[in-house]
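**Q** Below you will find the structure I want to go over with you.
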Amino acid sequence: AGQWLVEARDLASEHIVGVLVGNKCDRQEDREVSFLEASRFAQENDLVFLETSALHGDGVQEVFAKCTRRVLAKLADGILDLDKITISTPGGPFIRSSPGP
């Protein structure tokens with residue numbers, strides 16, 4: 001895995017839902033990473049992979065929908081517990097979910 005992925009996972013929950021997004025799919029002539037190479041990287045690193053075009057809006061909603069479905073599946077399977085989630089950002093505040101009333 002790339003160093004960026006290692007660092008992201010170090011800062012995140014162990015059950016993070018990772019999404020690898022290839023943007024500008026409308027500009028095939030400028031492609032630097034093949035679809036197959038990106039797909040393989042995503043699969044080897046337990047990431048969802050999608051391609052989008054922010055210019056045209058293609059695939060953007062699908063990114064959020066797939067990520068949401070993965071999170072909901074982990075909640076349903078008991079892998080994630082909303083009462084035990086801590087969110088932090090480097091140098092930023094910690095947000096801890098708390099049990100409801």
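The values are calculated or read from the model by the stated rules, or taken from the named source; none is laboratory data. All values reported here derive from a predicted model rather than from experimental measurement. Glycine also receives a Cβ, built like all others from the backbone with ideal geometry; neighbour counts cover every protein chain displayed. What goes into the accessible areas is simple: the full protein's heavy atoms, side chains included, and nothing from ligands, DNA or RNA. Shrake-Rupley method; radii C 1.70, N 1.55, O 1.52, S 1.80 Å.
**Q** Suppose the chain between residue 67 and residue 83 were pulled fully straight at 0.36 nm per residue; how much longer would it get relative to their current alpha carbon spacing?
**A** Details: separation 16, 0.36 × 16 = 5.76 nm, distance 1.98 nm.
3.8 nm is the gain from fully extending residue 67 to residue 83.
**Q** Which GluC sites (Glu not before Pro) in the stretch 1-91 sit in a loop by DSSP (not H, G, I, E or B) and have at most 16 other Cβ atoms within 10 Å of their own Cβ?
**A** Here the sparse-neighbourhood loop sites are 14, 32.
**Q** In terms of modelled amide H atoms, which long-range or inter-chain residues lie less than 5 Å from the amide H of residue 20?
**A** Those lying under 5 Å, H to H, from residue 20 are 48, 49, 50.
**Q** How much of residue 66 can a 1.4 Å solvent probe reach, expressed as accessible area in Å² and rounded to 10?
**A** For residue 66, solvent-accessible area is about 70 Å².
**Q** At what distance in nm do the modelled label points of residue 13 and residue 36 sit from each other, each positioned 7 Å from its Cα along Cα→Cβ?
**A** In this crude spin-label approximation the distance works out to 3.6 nm.
**Q** Among all the aspartates and glutamates, which ones have a C-alpha under 20 Å from residue 24's C-alpha, if same-chain residues fewer than 8 places away are not counted?
**A** Partners found: 32, 37, 51, 58, 62.
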